[in-house]
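Data first, discussion second: the structure below is written as structure tokens.
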């Protein structure tokens, strides 16, 4: 196992930033911690790096307990959001800094920095100062500084946040390629669920210091454990409607939606009582537009993106729903349409937000 | 060309008449203040190149003589070179020690969490508010008890208290992003590596500026060296000037020659490091940093 956290906790005074988090990150995988600001994802990363002391639990890297080990001895390297390059040193000196501190032979330093520079296409910039480079190049230097240390685990703390949208997409691809090339375990923190979906083998969704769900991106997308994960993963976000279970036939339940005569059906084996108040979640691409019967909505705004369009609609009771359409280019602004969904794509959540399967 | 002509709004607007008058008045006032400031220096120079007989009653503003005899007398008949040596020695040592001690103190206060850290910083701030003169008697007794009267150590030790240097360094270290420190920690560096290989090189300008201000301050210091030194061999230049009267009687040309020689290093340092000195004064007076 690359990294194993067992019941890890972190408190700052009376504030509990991380509570009883356990997870396993396989060797060589690309794990992403994702969640809203203040959810504890960066704290967790910094605990793995050794920059924050764990208040409880155990952290192991390659089956070695590193909970009380100094950061430099954990065989991890970290890439920071603001790069944290040493501005008075050249790119070469930045990348060689840790090797020189460790008093590695000059030949080895040159070889390792050279190899990292080749991977990151930084060879012609080695004598430049960070201030002479663009944001993307600086980020590559920061990654290069991590590579030369040949760590067991790479840690990335929102490394693309300071880059513009186009460069971010480019760097995302470069990181994916780099991961394939190096085959090392990488842990990446972001609040951007698109970054998480595109980069990760495993996503760990966090909220208020708790791990909400872990798994491959598409499992989290298709089969979320709770309302938070369902709402956080996916863009545009999942639509939620307050509903009540009105009937059951085998594993299929009928749900009436507040403010609408049209019932939805869902696949659900959970034995919740008839009459229970629940919430249903349907992704924008799973809502079908048709004529009655269906949930009547008025199209407020239609965003046409060419290959796909997003309809921002409103029910009679004022509830907003986003619908994704593919292919059709009919202008529907201001019109009344009816929405329906395949029962297998209607997810049901109980009052506490837990998924009912 | 036609494009430029078609965009007259891009041209700098001409200054209005009241604005030009205001600028002219300010320029005249600045020039007048500069003349007032430089006049004593000029008068010292003019007097020092006259003969002593030609000094008394001579009110001519222009140099009417060019003699270096006063300088020759000052160098040959006083212990000026010894005083120079003492001044350079004590000023260099104080500057190096003040910077070294202050940088370590400021780094600890800024970057290391330890019990009583806040209280210690409070003490540093409080010491900033205590006038040096109030400490003189205590310091003199202490130096006497330590048998340090008439020694370099006696001149140097009390001048090592420099809270302003600590405060300026602490403000600088506080402004360095914490990731910089963490990057060094992950690279395997300790506190001394962080301080001397990363933090200080981030901005040598601050260290240079503080070094200049400290050096000039110690070079010009009169009160404490005057108290702690009675032996002519241990005097610094500002104290030594008081001995010139004893050596020559009332001999203004020679007195002014010694004063010019005393001020020379500071004048040269100022000319070379003009921009840095201005920065240093702004930093240490809290305008910037």
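The values are calculated or read from the model by the stated rules, or taken from the named source; none is laboratory data. Owing to the predicted nature of the structure, the values given are computational and were not obtained by experimental measurement. Cβ coordinates were reconstructed from backbone atoms using ideal geometry, including for glycine residues, and neighbour counts include every protein chain displayed.
Given the criteria out of contact with any helix residue (DSSP H, G or I) (no Cβ under 7 Å at 6 or more places or on another chain) and assigned to a helix (DSSP H, G or I), does residue A:195 qualify? No; evaluated as a whole, the condition is false for this residue.
Residue-level check: of (1) within 28 Å of the chain's Cα centre (by Cα); (2) crowded, with 19+ Cβ neighbours inside 10 Å; (3) at the interface with chain A (Cβ under 7 Å from one of its Cβ atoms), residue B:180 misses just (1). Of all residues in segment A:214-236, those that are assigned to a helix (DSSP H, G or I) and free of Cβ contacts under 8 Å to residues at least 24 places away in the same chain total 5. The sole residue among A:243, A:266, A:247 that is touching a strand residue (DSSP E or B) at 6+ places or on another chain (Cβ under 6 Å), surrounded by fewer than 15 Cβ atoms within 10 Å (Cβ to Cβ) and not in a loop (DSSP other than H, G, I, E, B) is A:247.
One residue stands out among those in segment B:79-98 that are surrounded by 19 or more Cβ atoms within 10 Å (Cβ to Cβ) and under 16 Å from the mean Cα position of the chain (by Cα): the one that is nearest to residue B:245 (Cα to Cα), which is B:87. Which one of these is in a loop (DSSP other than H, G, I, E, B), within 14 Å of chain B (Cβ to nearest Cβ) and without any contact (Cβ under 8 Å) to a residue 12 or more places away in the chain: A:104, A:100? When all the criteria are applied, what remains is A:104.
Quick one: would you say residue B:79 is modelled with pLDDT under 90, touching a helix residue (DSSP H, G or I) at 6+ places or on another chain (Cβ under 6 Å) and not assigned by TED's automatic domain parsing to the domain that holds residue B:236? Outline the logic, then answer.
Details: modelled with pLDDT under 90: yes; touching a helix residue (DSSP H, G or I) at 6+ places or on another chain (Cβ under 6 Å): yes; not assigned by TED's automatic domain parsing to the domain that holds residue B:236: no.
In short, no.
Flag: residue A:30 matches the condition of being more than 11 Å from chain B (Cβ to nearest Cβ), within 15 Å of residue A:151 (Cα to Cα) and in contact (Cβ under 8 Å) with a residue 12 or more places away in the chain. Could you go through segment B:156-166 and let me know if any residue there is surrounded by fewer than 17 Cβ atoms within 10 Å (Cβ to Cβ) and either within 14 Å of another protein chain (Cβ to nearest Cβ) or in contact with a strand residue (DSSP E or B) (Cβ under 9 Å, 6 or more places away or on another chain) (or both). The answer is no; no qualifying residue exists. Which of (1) surrounded by fewer than 22 Cβ atoms within 10 Å (Cβ to Cβ); (2) closer than 24 Å to residue A:204 by Cβ is the odd one out, the single condition residue A:40 does not satisfy? Here residue A:40 clears every test but (1).
With respect to the conditions (1) touching a residue at least 60 places away in the same chain (Cβ under 8 Å); (2) closer than 12 Å to residue A:2 by Cα; (3) surrounded by fewer than 17 Cβ atoms within 10 Å (Cβ to Cβ), residue A:24 lacks only one, and its number is (1).
Residues in segment B:95-152 that are closer than 30 Å to residue B:176 by Cα, touching a helix residue (DSSP H, G or I) at 6+ places or on another chain (Cβ under 6 Å) and assigned to a loop (DSSP other than H, G, I, E, B): none. The conditions of being at the interface with chain B (Cβ under 10 Å from one of its Cβ atoms) and crowded, with 21+ Cβ neighbours inside 10 Å are met by residue A:80.
In the set A:317, A:309, A:260, only one residue is in contact (Cβ under 8 Å) with a residue 12 or more places away in the chain, outside any strand (DSSP E or B) and crowded, with 17+ Cβ neighbours inside 10 Å; that residue is A:260. What single numbered condition from (1) within 14 Å of chain B (Cβ to nearest Cβ); (2) within 17 Å of the chain's Cα centre (by Cα); (3) loosely packed, with under 15 Cβ neighbours inside 10 Å fails to hold for residue A:189? Among (1) within 14 Å of chain B (Cβ to nearest Cβ); (2) within 17 Å of the chain's Cα centre (by Cα); (3) loosely packed, with under 15 Cβ neighbours inside 10 Å, residue A:189 violates only (3). For segment A:85-97, taking the residues that are surrounded by fewer than 24 Cβ atoms within 10 Å (Cβ to Cβ) and assigned to a loop (DSSP other than H, G, I, E, B), the one that is farthest from the other protein chains (Cβ to nearest Cβ) is identified as A:90.
If you check A:214, A:249 for being assigned by TED's automatic domain parsing to the domain that holds residue A:352 and over 29 Å from residue A:148 (Cα atoms), only one passes: A:249.
Checking A:153, A:141 one by one, the residue that is modelled with pLDDT of 90 or more, within 12 Å of another protein chain (Cβ to nearest Cβ), within 20 Å of the chain's Cα centre (by Cα) and buried (at least 21 other Cβ atoms within 10 Å of the Cβ) is A:153 and no other. Consider residue A:95 carefully, then state whether it is within 21 Å of residue A:137 (Cβ to Cβ), in contact with a strand residue (DSSP E or B) (Cβ under 6 Å, 6 or more places away or on another chain) and in the same structural domain as residue A:47 (by TED's automatic domain parsing). It is false that residue A:95 is within 21 Å of residue A:137 (Cβ to Cβ), in contact with a strand residue (DSSP E or B) (Cβ under 6 Å, 6 or more places away or on another chain) and in the same structural domain as residue A:47 (by TED's automatic domain parsing). Looking at B:255, B:210, just one residue is in a helix (DSSP H, G or I), under 11 Å from the mean Cα position of the chain (by Cα) and either at pLDDT 85 or above or buried (at least 22 other Cβ atoms within 10 Å of the Cβ) (or both), and that residue is B:210. In this structure, does residue B:159 turn out to be assigned by TED's automatic domain parsing to the domain that holds residue B:226, farther than 22 Å from residue B:109 by Cβ, in contact with a helix residue (DSSP H, G or I) (Cβ under 6 Å, 6 or more places away or on another chain) and in a helix (DSSP H, G or I)? Judged against the criteria, residue B:159 is not a match.
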